[in-house]
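Let me begin by presenting the structure, written as structure tokens, before commenting on it.
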Amino acid sequence: MISLPALVALTAATTWFVVFVVVHIGGVRAGFENARWLLISYAACFLGTLVTAIVLTAWSHGIQTIVLAATMAALTSACLFALYVPALYTVLTSLSVQTMMLLRHRGGALPEAELYDRFASRKIIEQRLATLLASSYVAPNGPCYSLTPRGRAIAKFFRLIKILWNLGPGG
């Protein structure tokens, strides 16, 4: 049986996470910068989750119960965020998803050459480099691009993840 503080924590985390998703999608549709807006809106809703869990358990429970409820709410929120972000970026950046959407938009069929022009072109590389530049992960260095300190930190982190998951260079 779930205790009242656990139920409060799960309900607070779920409710605030739904608010986060609605606010995040609304901000992206309004043209806010996606990554920055993602972090700002999540941080605000995460804080709301903690405050709600603490306030709703503080009136009749001891400090241990309050800490337990806040911890459960924080972990639940973090787990929901960990599920949301990959799903979001799959929809936003997946070439497979973009290909299927383009095919659907164009009646379900396109010549192979047009698909190659759209998805294996210089334009795709330019768009990816523009995104990396805007995020300060790379910087122009003459005719080349170099990782910035921020980019190196991210690359090191994902290198460790790829090693942990036993993925190859492109996987």
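The values are calculated or read from the model by the stated rules, or taken from the named source; none is laboratory data. Keep in mind the model is a prediction, meaning the values are calculated, not measured. Here the Cβ positions follow ideal geometry from the backbone for every residue, glycine too, while neighbour counts run over all protein chains shown. The accessibility values were calculated without ligands, DNA or RNA, using every heavy atom of the protein model including side chains. Shrake-Rupley method; radii C 1.70, N 1.55, O 1.52, S 1.80 Å.
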Taking the condition of being among the aromatic types (Phe, Trp, Tyr) and out of contact with any Ser or Thr (no Cβ under 8 Å at 6 or more places or on another chain), how many residues in the range 1-38 meet it?
2
Pairs returned, first residue in the range 116-137 that is over 24 Å from MET100 (Cβ atoms) and aliphatic (A, V, I, L, M), second residue that is at pLDDT below 85 and in a loop (DSSP other than H, G, I, E, B), beta-carbon separation under 9 angstrom, 6 or more apart or interchain, are ALA134/GLU33
Filter result for VAL28 (within 25 Å of TYR137 (Cβ to Cβ), loosely packed, with under 13 Cβ neighbours inside 10 Å and modelled with pLDDT under 95)
no
Could you please give the count of residues in the range 113-126 that are of a type outside the set (A, V, I, L, M, F, W, C), within 26 Å of ALA35 (Cβ to Cβ) and surrounded by 11 or more Cβ atoms within 10 Å (Cβ to Cβ)?
3
Among the residues of the range 143-168, write down those that are without any contact (Cβ under 8 Å) to a residue 12 or more places away in the chain, outside any helix (DSSP H, G or I) and open to solvent by less than 100 Å² (accessible area, probe 1.4 Å).
CYS144, SER146, LEU147, LEU167, GLY168
So which of THR52, THR76 is of a type in the set (S, T, N, Q), modelled with pLDDT of 85 or more, closer than 30 Å to VAL8 by Cβ and within 20 Å of the chain's Cα centre (by Cα)?
THR76
Flag if THR99 is in contact with a Phe, Trp or Tyr (Cβ under 8 Å, 6 or more places away or on another chain) and modelled with pLDDT under 85:
yes
